[in-house]
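**Student:** Structure provided below as structure tokens; questions to follow.
The values are calculated or read from the model by the stated rules, or taken from the named source; none is laboratory data. Everything quoted here is computed from the prediction, not taken from an experiment. A quick note on method: Cβ atoms are made from the backbone with ideal geometry, for glycine too, and the neighbour counts reach across all protein chains shown. SASA here: full protein model, heavy atoms, side chains in, ligands and nucleic acids out. Shrake-Rupley method; radii C 1.70, N 1.55, O 1.52, S 1.80 Å.
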Amino acid sequence: MKRPSGNLERRDTLQPWHSGGNTNIRSICIGVLDNDACALNYIMLMLKQLNNRNGMMLAPWTTTFPARALQECQHGMQHTDILLLDMALNGITGPQVAQSIHHISPTTAIIGMTSYEPELYQTEALKAGITTILDKTTLADNLPKAIIDALVAPPESLESEYESSSAQAPLPKLTDAEQRILTLSASGLNAKI
């Protein structure tokens, strides 16, 4: 088994669809940003289990670096339909990353994930356009429905929810330290001081 590195990994291990003639297959690009490599492996295993179900062929990518997630959402080979986003990253929060994602890719649905109480992030997450936060301890049970719900929501509703949230309260800018962390992360360096 390949050990994940901090580099962005495109996992094109999709199996051919055997649907008995069904041609209504939708390719879904799902990104996963989590600073915990073990969590990334577990989530990838779950996504492999979900692949080729409900007429969906999943094309996941993973990274431990927020800047790489931003790059993939903006310039990836395929539009990222859903980003699974850890709420507590090294030096930056999930909602802060979500703000940037929504600016560069407003139709990417974002599903938050946390090992802490999801309620801790609810207010900040809603302001950043994250409508779903999953508890990692119940991820296996709740992720399939969350993915389907995110795909069923029209892209316009994702944009309008975020835009109305942005209009009500201005979003905070990244601090110099957060900018430095993103820059170091994008260049593959360790952001620890």
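**Student:** Per 0.36 nm of contour for each residue apart, how much would the distance between residue 42 and residue 74 grow if the chain were fully extended, relative to their Cα-Cα spacing? Display every interim value, and only then the final one.
**Tutor:** Values: separation 32, 0.36 × 32 = 11.52 nm, distance 2.54 nm.
Fully extending the segment from residue 42 to residue 74 adds 9.0 nm.
**Student:** Which part of the range 38-70 falls in the paramagnetic zone of residue 138, meaning amide N under 20 Å from the point 7 Å along Cα-to-beta-carbon?
**Tutor:** Taking a point 7 Å out along Cα→Cβ of residue 138, the residues of the range 38-70 whose backbone N falls under 20 Å are 43, 46-47.
**Student:** So, one more: Just by accessible area at a 1.4 angstrom probe, what is the order of 34, 135, 149 from largest to smallest? Please report the intermediate quantities before stating the final value.
**Tutor:** Working: 34 0, 135 40, 149 75 Å².
Ranked list, largest accessible area first: 149, 135, 34.
**Student:** Please report, to one decimal in angstroms, the Kirkwood hydrodynamic radius of the range 20-134 built from all distinct Cα-Cα pairs.
**Tutor:** Working: mean 1/r = 0.0693 Å⁻¹.
Result for the range 20-134 stands at 14.4 Å.
**Student:** Using the eigenvalues of the Cα gyration tensor, what equivalent ellipsoid semi-axes result for the range 70-138 when each is taken as the square root of five times the eigenvalue, whole Å, largest first?
**Tutor:** Values: eigenvalues 83, 28, 23 Å².
Equivalent ellipsoid of the range 70-138: 20, 12, 11 Å, largest first.
**Student:** Let me check I've understood the local charge: for residue 121, count other residues with C-beta under 14 angstrom from its C-beta, Lys and Arg +1, Asp and Glu -1. What total comes out?
**Tutor:** Values: positive: 127, 136; negative: 86, 117, 119, 124, 135.
Taking every other residue near residue 121 into account, the sum is -3.
**Student:** Still on this structure: Determine the sum of side-chain charges near residue 94: Lys and Arg each +1, Asp and Glu each -1, restricted to other residues whose C-beta is under 11 angstrom from that of residue 94. Present the calculation step by step, with values, prior to reporting the outcome.
**Tutor:** Details: positive: none; negative: 34, 86, 124.
Around residue 94, the surrounding residues sum to -3.
**Student:** Find the Rg to Rh ratio for the range 99-144, where Rh is the Kirkwood radius over alpha-carbon pairs and Rg uses the same atoms.
**Tutor:** Working: Rg = 11.1 Å, Rh = 11.2 Å.
Radius of gyration over Kirkwood radius for the range 99-144 works out to 1.00.
**Student:** Now, a different point. Could you tell me the accessible area of residue 45 in Å² (1.4 Å probe, neighbours in place), rounded to the nearest ten?
**Tutor:** Per-residue accessible area (residue 45): approximately 100 Å².
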